[in-house]
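Contents: one structure, followed by commentary.
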Amino acid sequence: MSTPVGPYTPILPAGQWRVASGQVGIVDGALVDDTLAGQLHQALANLKAVLASGGAELTDVIKTTVFLISMDDYAEMNAIYIDFFGDHRPARSAVAVAELPLGARVEIEAWAHLGDG
């Protein structure tokens, strides 16, 4: 799991919920490259690791928010997102923003629910 780049906790429990902070495509505090694909693959790997550290799995994810610096990346993001989540389809929002930390092109956060109901 990557070290946070700001004053936040990567994942927090809230009862049966796990709230994962936004993840960007970093390893050892630096972006993996400048492509959407490279950064998103790493951001999703980081998200999976953060969820695991909180006792959650991808199938526990109920809601994600994807932040893009350009909606021109939307179709490519969707293809990578589908490959990552497989048949599991959490509720999702995708929004364009002016900037992201470290100059990232994409960031993803998630809410996961453990247990029944």
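Coordinate-derived values only; no laboratory data. Here the structure is a predicted model, which is why all the values come from computation and not from measurement. Positions of Cβ are generated from backbone atoms using ideal geometry, with glycine treated the same way; all protein chains shown enter the neighbour counts.
Numbers at a glance
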| read-out | value |
| --- | --- |
| Environment charge at HIS113 (Cβ cut-off 12 Å; Lys +1, Arg +1, Asp -1, Glu -1) | -1 |
| Rh by Kirkwood over Cα pairs, then Stokes-Einstein D for the chain at 1.002 mPa s and 20 °C, µm²/s | 151 µm²/s |
| Ascending count of other beta-carbon atoms within 10 Å, so fewest first, for VAL19, VAL97, VAL61 | VAL97, VAL19, VAL61 |
| Within-11-Å neighbourhood charge of LEU36 [Cβ basis; K, R +1; D, E -1] | -4 |
| Separation of the HIS88 and SER21 label points, Cα + 7 Å toward Cβ, nm | 2.2 nm |
